[in-house]
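The values are calculated or read from the model by the stated rules, or taken from the named source; none is laboratory data. If you're wondering where the values come from, they're calculated on a predicted model, not measured in any experiment. Positions of Cβ are generated from backbone atoms using ideal geometry, with glycine treated the same way; all protein chains shown enter the neighbour counts.
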Amino acid sequence: MGDEISQKPPTIVLHTCTDSPPGRAVQIVLAYLNIPYRIQTVDFDNGEHFSEEFLKMYPQGEIPVLDDDGLIIGESVAIIQYLAEKYGRTGKLSSNSTFYPADDPVQRSVIHHRLSFHLSVFQRRVYDYMILPMDYDYPRTEANRIKLTHALAIFDEFLRRQQEQQNLRENQEANSGNSAAGGQGFYVAGENFTIADPPLLMATCALVAMDMKILEPFRNIGKWLQHFQEEHPDLWTIAKEGLDGLSYYNKNPRDMSHLKHPIHPVRKGDGV
Ligand SMILES: N[C@@H](CCC(=O)N[C@@H](CS)C(=O)NCC(=O)O)C(=O)O
């Protein structure tokens, strides 16, 4: 009986491609929660994500898309929330409710804030300045560089303030003789690794892959990245593969000149 179950192919399928930062963010969560899944590689260079068949599955024509036994979910953050709600509260991780706490409105508000910041500001600006001009016929403009640098400064400041609060709390605990053992974590929503980390991590990895220099002034972001690599080497491997993919395409731009893209201007005459 047990064997029958383990031999079943995973019911979860993730439609994505190697270098997709939001796709990699979902993969990190699947790995962290120990959820068996299979990748369905989308032929991005040939526009499979806006083919009739793909659009029938998911009309937004973007990756990643999750198929959980027929339940189709798009948008990486929605996928991550679903996975943590559905699979993060049972089994091995039941004690690790800090990943997406069910009953802590204050901590949830911080996590949701970071995810909203990611979607409405950070990821948008990373795409506008870095990723879209890599894949399509958009100029990499100074205006978009300024917007991205501004987003990085805000993100860095969130991390700095958080660290300040953590230090204050630690000092108070130490003074009252209540100090908890062990060093503190350094994550985007506080001391614990949460669902808000993988999306922001992968958007930041896009910058590491394409223009490390833009990150240099932001020491708290650098510290968070370093901390993640040290604390989660297995998850970092997944991030690193995505980062290497982006770095490759940044140096060898995709040739999508044969495509009629529904919204983006394709660059004529590019070749790998
Ligand atoms: N909001 C989406 C963004 C997804 C996104 O932009 N994905 C890219 C690939 S990394 C895509 O599918 N772009 C469509 C295209 O370039 O045609 C999410 O986070 O899931």
(request) Confirm whether Ile5 is modelled with pLDDT of 95 or more and either in a helix (DSSP H, G or I) or not small (Gly, Ala, Ser) (or both). (result) no
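Restricting attention to helices (runs of 4 or more DSSP H) lying wholly within region 190-272, give those where 2 or more residues are modelled with pLDDT of 95 or more and aromatic (Phe, Trp, Tyr).
Values: elements: 197-211, 219-231, 233-251.
Answer list for region 190-272: 219-231, 233-251.
Do we find that Ala78 is away from the ligand (no atom under 13 Å from the Cβ), surrounded by fewer than 19 Cβ atoms within 10 Å (Cβ to Cβ), modelled with pLDDT of 95 or more and in a helix (DSSP H, G or I) in this structure? Write out each step before concluding.
On the way: away from the ligand (no atom under 13 Å from the Cβ): no; surrounded by fewer than 19 Cβ atoms within 10 Å (Cβ to Cβ): yes; modelled with pLDDT of 95 or more: yes; in a helix (DSSP H, G or I): yes.
Answer is no for this residue.
Residues Ile63, Ile72: which one is more than 11 Å from the ligand (Cβ to nearest atom), among the hydrophobic types (A, V, I, L, M, F, W, C) and not in a helix (DSSP H, G or I)?
Values: Ile63 fails: more than 11 Å from the ligand (Cβ to nearest atom).
Step by step, each of Ile63, Ile72 is checked, and only Ile72 is more than 11 Å from the ligand (Cβ to nearest atom), among the hydrophobic types (A, V, I, L, M, F, W, C) and not in a helix (DSSP H, G or I).
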(request) All but one of (1) away from the ligand (no atom under 13 Å from the Cβ); (2) surrounded by 17 or more Cβ atoms within 10 Å (Cβ to Cβ) hold for Pro21, so report the exception by its number. (result) (1)
(request) Name, by its number, the condition in (1) more than 30 Å from Ile263 (Cβ to Cβ); (2) crowded, with 17+ Cβ neighbours inside 10 Å that does not hold for Glu85. (result) (2)
(request) For region 24-46, name all the residues that are in a helix (DSSP H, G or I) and closer than 21 Å to Leu201 by Cα. (result) Arg24, Ala25, Val26, Gln27, Ile28, Val29, Leu30, Ala31, Tyr32
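Results for (1) farther than 23 Å from Leu159 by Cβ; (2) crowded, with 16+ Cβ neighbours inside 10 Å, shown as yes or no for each residue.
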site: Phe193; (1), (2): no, yes
site: Phe218; (1), (2): no, yes
site: Asn250; (1), (2): yes, yes
site: His264; (1), (2): yes, no
site: Arg267; (1), (2): yes, yes
(request) Scan His15, His49 and give me the residue that is within 11 Å of the ligand (Cβ to nearest atom) and part of a strand (DSSP E or B). (result) His15
(message) Six or more apart or on different chains, Cβ atoms under 9 Å: show the pairs whose first residue is in region 15-43 and touching a residue at least 40 places away in the same chain (Cβ under 8 Å) and over 28 Å from Ser97 (Cβ atoms) and whose second is charged (D, E, K, R) and crowded, with 22+ Cβ neighbours inside 10 Å.
(response) Thr18/Arg24
(request) Please go through region 81-105 and pick out each residue that is closer than 17 Å to Ile35 by Cα, modelled with pLDDT of 90 or more and among the hydroxyl-bearing types (Ser, Thr, Tyr). (result) Tyr82, Tyr87, Tyr100
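Out of all the residues in region 104-149, which are among the polar types (S, T, N, Q), assigned to a helix (DSSP H, G or I), touching a residue at least 12 places away in the same chain (Cβ under 8 Å) and away from the ligand (no atom under 16 Å from the Cβ)?
Going residue by residue through region 104-149, those that are among the polar types (S, T, N, Q) are 107, 109, 116, 120, 123, 141, 144, 149.
Going one step further and asking which of them are assigned to a helix (DSSP H, G or I), we end up with 107, 109, 116, 120, 123, 144, 149.
Subsequent filtering for residues that are touching a residue at least 12 places away in the same chain (Cβ under 8 Å) retains 107, 123, 144, 149.
Within region 104-149, Gln107, Thr149 meet the criteria.
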